[in-house]
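This report refers to the structure that appears directly beneath it.
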Amino acid sequence: MHITVTQLTKQYGAHLALDGASFNTPDDAGCVVLLGPSGSGKSTLLRVLGSLLTPDAGEVLMGEERLLWNEADMLRQRRENGFVFQGFNLFPHLSALENVALPLRVVRSRSDETARRTALDAMERFGLGPHVEKRPAELSGGQQQRVALARAIAPQPRLLLLDEPTSALDPMMTQDVLDLIRELAEGVQRIVLSTHEIAFARKVADWVLFLDRGKVIESCGAAEFFARPITLLAQHFVEALTRYR
């Protein structure tokens with residue numbers, strides 16, 4: 001997954017969420033993990049990569065394709081990706097199955113039968129077969145996040161973007177969801193994710209981007225980063241998150 005980002009900037013009022021962020025990942029980086037303190041720009045970067053957010057300046061290349069920022073192209077680019085964010089963002093009045101099938105019909109123009117079959121396959125993959133007719137309020141937090149993952153994966157996205165996907169879950173549910181994400185990463189799915197789960201990041205990441213105040217201050221292979229973070233901030237960050245684990 002070759003991603004090249006050059007001088008990416010995004011400003012909200014006086015706050016620079018991205019301040020000339022630049023990095024380059026190799027072709028064989030199947031899972032790119034974003035690390036850094038809260039407010040460092042990870043979520044903003046994910047949203048720009050997924051064409052959910054227009055940067056103020058800079059360039060993004062996905063392979064040889066340069067992302068474009070007009071409304072029509074952003075919609076096209078967005079449809080090629082899958083998203084799972086901190087909130088589950090499920091429709092409360094729909095069944096779990098319909099939450100997965102609806103985007104396939106509306107966004108991907110699949111027939112009712114094809115959408116239902118594809119949604120069922122995705123839910124079975126994530127162990128949700130017994131829960132397809134339940135509404136979100138009848139599901140645990142971990143089950144709701146698995147529905148969100150199934151919805152993101154069902155269309156076979158080019159890129160799966162995950163923003164702190166376990167932040168709202170208790171430790172048992174967190175482990176369950178992380179196991180599913182690790183399974184995806186070990187397959188053919190290309191993933192960019194932000195997380196504070198350092199032990200998980202060590203196992204799943206091929207490439208690490210470490211951000212601070214809107215800049216990418218480290219960009220390197222995961223083994224190299226976790227063995228020898230270069231910057232003092234990255235060293236303290238990893239130490240703090242692993243101290244009691």
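Descriptive notes on the structure:
- Screening the stretch 101-115 for residues that are in a helix (DSSP H, G or I) and under 17 Å from Arg78 (Cα atoms) and picking the one that is least open to solvent (accessible area, probe 1.4 Å) gives Leu104.
Results for (1) modelled with pLDDT of 95 or more; (2) open to solvent by 80 Å² or more (accessible area, probe 1.4 Å); (3) at positive phi, shown as yes or no for each residue.
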position: Trp69; (1), (2), (3): yes, no, no
position: Glu98; (1), (2), (3): yes, no, no
position: Arg117; (1), (2), (3): yes, yes, no
position: Leu120; (1), (2), (3): yes, no, no
position: Gln144; (1), (2), (3): no, no, no
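- Entry remark, the stretch 22-42: residues being open to solvent by less than 40 Å² (accessible area, probe 1.4 Å) and either modelled with pLDDT under 95 or within 20 Å of Asp206 (Cα to Cα) (or both) number 12 in total.
- Val60 meets all of the listed conditions (1) part of a strand (DSSP E or B); (2) under 15 Å from Ala154 (Cβ atoms); (3) open to solvent by less than 20 Å² (accessible area, probe 1.4 Å) but one, namely (2).
- Those helices (runs of 4 or more DSSP H) lying entirely in the stretch 116-225 with at least 1 residues free of Cβ contacts under 8 Å to residues at least 24 places away in the same chain and out of contact with any His (no Cβ under 8 Å at 6 or more places or on another chain): 171-186, 198-204
- Meets criteria (at negative phi, surrounded by fewer than 18 Cβ atoms within 10 Å (Cβ to Cβ) and free of Cβ contacts under 8 Å to residues at least 60 places away in the same chain) for Leu94: yes
- Of all residue pairs spaced 6 or more apart or on separate chains, those with beta-carbon atoms under 6 Å, a first member in the stretch 9-29 that is touching a residue at least 24 places away in the same chain (Cβ under 8 Å) and a second member that is open to solvent by 80 Å² or more (accessible area, probe 1.4 Å) are Thr9/Asp56; Lys10/Asp56; Gln11/Asp56; Asp19/Lys215; Gly20/Gln7; Ala21/Lys215; Ser22/Gln7.
This table checks each residue for (1) within 24 Å of Arg182 (Cα to Cα); (2) within 18 Å of the chain's Cα centre (by Cα); (3) not in a helix (DSSP H, G or I).
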site: Val33; (1), (2), (3): yes, yes, yes
site: Ser38; (1), (2), (3): yes, yes, yes
site: Leu45; (1), (2), (3): yes, yes, no
site: Val48; (1), (2), (3): yes, yes, no
site: Thr54; (1), (2), (3): no, yes, yes
site: Leu68; (1), (2), (3): no, no, yes
site: Met74; (1), (2), (3): no, yes, no
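- Qualifying residue in the stretch 230-238 (condition: of a type outside the set (Gly, Ala, Ser), buried (at least 19 other Cβ atoms within 10 Å of the Cβ), part of a loop (DSSP other than H, G, I, E, B) and modelled with pLDDT of 90 or more): no
- Restricting attention to the stretch 154-181, the residues that are over 11 Å from the mean Cα position of the chain (by Cα) and within 17 Å of Met1 (Cα to Cα) add up to 3.
- Residue in the stretch 64-80 that is in contact (Cβ under 8 Å) with a residue 24 or more places away in the chain and touching a Lys or Arg at 6+ places or on another chain (Cβ under 7 Å) present: yes
The values are calculated or read from the model by the stated rules, or taken from the named source; none is laboratory data. Here the structure is a predicted model, which means the values were calculated and not measured. Methodologically, a virtual Cβ is constructed for each residue, glycine included, from the backbone with ideal geometry; neighbour enumeration extends over all protein chains shown. The area values use the complete protein model at the heavy-atom level, side chains included, leaving out ligands, DNA and RNA. Shrake-Rupley method; radii C 1.70, N 1.55, O 1.52, S 1.80 Å.
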